[in-house]
Amino acid sequence: MSALVDLLDGPVELVAPRLLGAVLRHGPVAVRLTEVEAYAGPDDPGSHSFRGPTARNRVMFGPPGHLYCYLSHGIHVCANVSVGPDGTPGGVLMRAGEVVDGIEVARTFRPGAADRDLARGPGRLGRALGILLDHYGTDLTSGEITLTPGEARGEIASGPRTGLRRAADRPWRFWIVGDPTVSPYRRHRLAEGF
């Protein structure tokens, strides 16, 4: 078993903060994660896996350490990592991070963006790394895109998830306090509690 798979073993709300400081790499570009969000299965109405397995969310039901990509608002590819035991749905959305390698390449994917903003938000993170829907299902332990465990640099905070209508108040968004690459919190105008 790899160090990454060991790290991803457990309930999503416990695994998610462990990913802060981990490095997501695609080719020459690497991003150190500064913000993540946890999504569980049938008891989490905010999760894509809430209603059971589909062609879209099947990776969330598989073994830990695989990339679950989806299109947000029809334009942004968001990247998640599957967590928990095989057959139990769970995923962690990689919301934001700092580009720590390949910044010149990341700038070509996000022309005109300040370095702080290259991967500040889930759509921007996907774009800065050149992640496409075609990368769906990639094994992050040994595939074209990799996720390497790391250490969070600073205090970790948690709070409600961003932009959700359902189960919005679960404190399953985790970030490194004071890090300038963390995205701003935005509550959905129709947000419901737990």
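The values are calculated or read from the model by the stated rules, or taken from the named source; none is laboratory data. From a predicted model like this one, the values you see are computed outputs, not experimental measurements. Cβ sites come from the backbone with ideal geometry, for glycine too, and all protein chains shown count toward neighbours. Ligands, DNA and RNA are excluded from the accessible area calculation, which covers all protein heavy atoms including side chains. Shrake-Rupley method; radii C 1.70, N 1.55, O 1.52, S 1.80 Å.
A few comments on the model shown:
- Each Lys and Arg Cβ is given +1 and each Asp and Glu Cβ -1; about its Cα centre, the stretch 1-127 then shows a dipole of about 460 debye.
- Range of Cα positions in the stretch 9-110 per principal axis (Å), largest first: 41, 30, 19
- Given a 1.4 Å probe and the protein chains as shown, residue 48 ends up with an accessible area of around 70 Å².
- Structural descriptor for the chain: relative contact order 26 percent, calculated from alpha carbon pairs under 8 angstrom and at least 6 residues apart.
- Descending principal axes extents, the stretch 96-140, alpha-carbon based, whole Å: 30, 17, 16
- Accessible surface of the stretch 44-187, 1.4 Å probe: 51 percent of it comes from carbon and sulfur atoms.
- Fraction in percent of alpha-carbon pairs per bin - 5 Å, the chain: 1, 9, 18, 23, 23, 17, 8, 2, 0
- Normalised per residue, the accessible area of the chain is 45 Å², obtained with a 1.4 Å probe and no contribution from ligands, DNA or RNA.
- Percent of C-alpha pairs per 5 Å bin in the stretch 142-194, short distances first: 4, 18, 20, 17, 15, 15, 9, 2, 0.
- As a size descriptor, the averaged projected area of the C-alpha convex hull of the stretch 2-65 was calculated at 5.2 nm².
- Surrounding net charge for residue 117, when Lys and Arg each add one and Asp and Glu each subtract one, Cβ distance under 9 Å: +3
- Over all pairs of different C-alpha atoms in the stretch 83-169, the reciprocal of the mean inverse distance, the Kirkwood hydrodynamic radius, equals 15.2 Å.
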